[in-house]
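Right, one structure below, let's go through it.
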Amino acid sequence: MEGLSSALRQFFEKQELLRIAYADRGEPRVVPVWFVTVGDSYYIGTGAKSAKWKAMQREPSVGWVVDAGKNGKYKGVSMYGTAEQVSDQKLRARLYREFGKKYFGRADHPKHIEIWGEVDDPGSVFIHLKMKDGFWWDY
């Protein structure tokens, strides 16, 4: 996806929720999730036993939207691609820290640890939303 300015990229990175769409046994589902960006990539996290992760393992095709605005001034990005588990330990550690900083101010915050466990907790999965295509709007 070309043309996303650095100002729009920074705007999207500051948003709290990404809406992820996936197929759950043939039925569409859309749920809001926390997300972080690293470079041009979007990442979400969830429990290793969560229904959404199990569904994405069966059918990895996903779509997602990050949008915001009010009073007729809206910005958004809509993308589709595949969901892939992050297995690289260095990237997992970075994502763990990024989620901690974004949502709790720091990775050692007690609530962050309560939700995600420790940095290498097998009960948590970080998912790379590997983009195939998408578009953005700003009006």
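Just so you know, all these numbers are worked out from the coordinates, no wet-lab data involved. Predicted, not measured: the structure shown is a model, and the values here were computed from it. Using ideal geometry, Cβ is built from the backbone for each residue, glycine included, and neighbour counts are taken over all protein chains shown.
Classify segment 11-65 as rounded, prolate or oblate from the Cα gyration tensor: take a ≥ b ≥ c as the square roots of its eigenvalues, call it rounded if a/c is under 1.5, otherwise prolate when a/b beats b/c and oblate if not. It comes out prolate by the Cα gyration axes. Cross-link reach is defined here as a Cα-Cα straight distance under 14 Å, omitting same-chain residues fewer than 8 places apart; for LYS102 the aspartates and glutamates meeting it are GLU13, GLU16. With 20 Å as the limit, the listed pairs LYS14/LYS75; LYS49/LYS132; LYS70/LYS101 have LYS49/LYS132; LYS70/LYS101 beyond it between alpha carbons. Couplings 3J(HN,Hα) for segment 122-132, derived from phi with the Karplus relation 6.51 cos²θ - 1.76 cosθ + 1.60 (θ = phi - 60°), are x, x, 10, 10, 9, 10, 7, 8, 7, 6, 9 Hz, where x marks Gly and Pro. Near SER124: Cβ cut-off under 12 Å, other residues only, Lys/Arg at +1 and Asp/Glu at -1. The net charge is -2. Based on DSSP H segments of at least four residues, each scored -39500 (n - 2.57), the chain has a per-residue ellipticity at 222 nm of -8500 deg cm²/dmol. Compute the signed sum of charges (Lys and Arg +1, Asp and Glu -1) over the other residues within less than 10 Å, Cβ to Cβ, of VAL36. That works out to +2.
Converting the Cα gyration tensor eigenvalues of the chain into ellipsoid dimensions via √(5λ) gives semi-axes, longest first, of 24, 19, 13 Å. Placing a pseudo-label 7 Å from each Cα along the Cα-to-Cβ vector at LYS130 and ASN71 gives an inter-label distance of 4.3 nm. Rounded to 0.05, the FRET efficiency of the ASP121 and GLN10 pair, given R0 = 25 Å and the Cβ-Cβ distance, is 0.25. A straight line joining the Cα centroids of segment 7-36 and segment 73-139 runs 10 Å. FRET efficiency for the LYS90 to ALA21 pair, using the beta carbon distance and R₀ = 35 Å, is estimated at 0.75.
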